[in-house]
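What follows is calculated from the coordinates using simple rules that are stated; it is not laboratory data. All of these numbers come straight from a predicted model, not from anything done at the bench. Every residue, glycine among them, receives a Cβ derived from its backbone with ideal geometry; neighbour counts consider all protein chains shown.
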Amino acid sequence: MSTPLVSIVIPCYNYAQYLGFTLGNILEQRYSNWECVVVDDGSTDNTAEVVERYRSADPRFRYIRQDNKGLSGARNTGIAASTGKYIQLLDSDDLIHPDKLSIQVAIFEADDRIDITYGNSRFFHTDHPDALYPSRGLTRYDRQKSLRGGGTGRQMLGRLLVNNIMEVSCALTKKRLFEEVGGFDEHYRSYEDWQYWIRCALMNACFDYSPVSGTETYIRTGHHSMMTNKRKLVTYGIRLRRFLQPHLNPGQRLYNEFRLCKLYARKLLSIY
């Protein structure tokens, strides 16, 4: 099997306390042809020191610092600086299975039609890292998993209309796709990954869902993150559904309007 370079892009903003676990996890990958681009998005903690410990020991780690631009902007910086054929996005507090890159690169190399391949996620509480759970315990995440599947274009848009289908680190993505679709929309401060998958579907990208053992990503819970800011989720949920509306058929528009009305009601009544 060929071993093309994989670029692992990690945005980090004041998460130095978790970053060392994430970088150590990268070293556990059984696939060795990778580079890891850490984008320090204007942190005021010791993020630079954490990265330097790894960079000085292994030149596959790279460090970029920029003024704070938000998660989308940091990811875009990392993707632009990457040189790999494939992109693995990974948040600075999360982990991936040691076999993930090996398995997903093999999936790509076996079928050139695929643009995105993704597997499943597991969740762990930051205070109990050895216990893994299938979801965060919220209904919407159970619904997310029921929507997972492969396909292209309108088939994927139908799934993404209902909910996001994966956490961002589930996927391995061709860098070429980012060149064709563009980067993450930096106006989004939440749901930026969901909006990106929608744009990929609108460009008729081919999604492969291969939830085989060894492709899992591990999502940290039990600490403050963007996903705990419910006011922000409502605000950007409205923006996302307004973005979707002109791309839908009449039946989908009716459903999307219903979901949009619910979000407007939550905002009006301050139900967060």
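So the values come out like this:
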read-out: FRET efficiency, Asp111 to Arg65 (Cβ-Cβ, R0 30 Å, nearest 0.05); value: 0.20
read-out: Whole-Å distance, taken between Cα centres, linking segment 177-195 and segment 9-80; value: 19
read-out: Cα-derived Rg to Rh of segment 229-272, Kirkwood definition; value: 1.01
read-out: Antiparallel DSSP beta bridges within the chain, as percent of all bridges there, nearest 5; value: 30
read-out: Rg in Å to one decimal, and Dmax rounded to a whole Å, for segment 63-114 via C-alpha atoms; value: 13.6, 40
read-out: Segment 142-219 - convex hull of the alpha-carbon atoms, volume per residue in Å³; value: 102
read-out: Signed unit charges on C-beta, dipole axis of the chain, positive-most listed residue Gly78, Phe178, Ala110; value: Phe178
read-out: Charge dipole (debye, nearest 20) of the chain; +1 at Cβ of Lys and Arg, -1 at Cβ of Asp and Glu; value: 1320
read-out: Global size of segment 6-228 as Cα Rg and Dmax, reported in angstrom; value: 16.3, 47
read-out: Relative contact order computed over segment 6-228 (Cα-Cα under 8 Å; 6+ residues apart), in percent; value: 26
read-out: Over 29 Å between alpha carbons, listed pairs Lys69/Lys175; Lys174/Lys262; Lys175/Lys230; value: Lys174/Lys262; Lys175/Lys230
read-out: Positive-pole candidate from Cys36, Phe123, Asn14, dipole of the chain, charges at beta carbon; value: Phe123
read-out: Rounded FRET efficiency, nearest 0.05, which uses the C-beta distance separating Thr126 from Lys262 and R0 of 41 Å; value: 0.85
